[in-house]
Amino acid sequence: MTIPNGRTHGNTKKGGGQVRHRVPPILNVSDEVHEWNGMAGSVRESSDSVHWCGQAFRDLAWKANAQGPALLARVAREHNITLVHVSSDYVFDGTRELHDETESFAPLGVYGQSKAAGDIAVANAPRHYILRSSWVIGEGHNFVKTMMGLSGRVAKGELPKVTVVDDQYGRLTFTRDMAEAIFHLLGSDAAYGTYDLTGSGAVRSWADIARGVFDLANGNGEKVEPISTAEYFANAKNPVSPRPTYSALDLTKIEATGLKVPDWEESLKAYVTKELNK
């Protein structure tokens, strides 16, 4: 079919009335404004943890995570463009051990509130995919790279041990896997809507993951000591943004589209090996 601007679209999906089209989709990854003290701040020895607080952060979070997606959704709606938006487990309060796409929003802090608002705005675009992720690992600064660095310092005798939070649970999401999932949805007959996407496999704590990274990097996983979130932040001088206790996402819906979701522990091994060989 043809839309008003004259660009040619593909077939109309039978029954559902959805239109597959060749107009390049809009990809929105509005996750630059992130509350790091839930992840990078989960390690006692990390010098890279950032504690976001105050009005400046709130303003920036709402602009990037809510207002930006709302503007993109308006453009997508006006021009019949598919909008792809990456969301977060922070939109939930983490009381359920496994979150599916039908769970109501219950964000605990500013970041989660702004991400939930962005999700609501994007859902107003008729042709949209919202991919909800957790514990994202990519090419930039991240938890795995921090753990690799600390493992190296422990191996050199610069640190005796590292304490990592052990009462927050989830699975890692590798950006490569996220990209492949996005292309899968765009290239298939998957219905528009929200999909959970993390690595598959076992649900672990941050401390479990840290031990795995330490073992892969230097064989010193025993140097990771668990600590509760309450203990870790007991003497915090700055406001602490709350993070969901349970961040595991249900992959049933996206797997039903035919996507084979990689096991995050296998992806972790490949990631660490690649980093070590750089």
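Every number here is computed from the coordinates shown, using simple stated rules; none is lab data. Just so you know, these numbers come straight off a predicted model, no measurement behind them. As a convention, Cβ positions derive from the backbone with ideal geometry for all residues, glycine included, and neighbour counts pool all protein chains shown.
Observations on the model:
- Hey, THR163 surrounded by 22 or more Cβ atoms within 10 Å (Cβ to Cβ) and over 15 Å from VAL86 (Cβ atoms) or not: no
- Set LEU131, LEU150, LEU159: member being in contact with a Leu (Cβ under 7 Å, 6 or more places away or on another chain) and part of a strand (DSSP E or B): LEU131
- Complete set of residues in the range 128-173 that are among the hydroxyl-bearing types (Ser, Thr, Tyr) and out of contact with any Gly (no Cβ under 8 Å at 6 or more places or on another chain): SER133, THR146, SER151, THR163, TYR169
- Residue list for the range 74-102, filter: surrounded by 17 or more Cβ atoms within 10 Å (Cβ to Cβ), over 24 Å from HIS184 (Cα atoms) and among the charged types (D, E, K, R): ASP93
- Options GLU231, GLU225: the member that is in contact (Cβ under 8 Å) with a residue 24 or more places away in the chain, charged (D, E, K, R) and either surrounded by fewer than 17 Cβ atoms within 10 Å (Cβ to Cβ) or on the phi > 0 side of the Ramachandran plot (or both): GLU225
- The set of residues in the range 139-183 that are among the charged types (D, E, K, R) and farther than 23 Å from ASP93 by Cα comprises GLU139, LYS145, ARG153, LYS156, GLU158, LYS161, ARG176, ASP177, GLU180.
- The residue that is nearest to ALA123 (Cα to Cα), counting only those in the range 54-71 that are more than 20 Å from the chain's Cα centre (by Cα) and not small (Gly, Ala, Ser), is LEU71.
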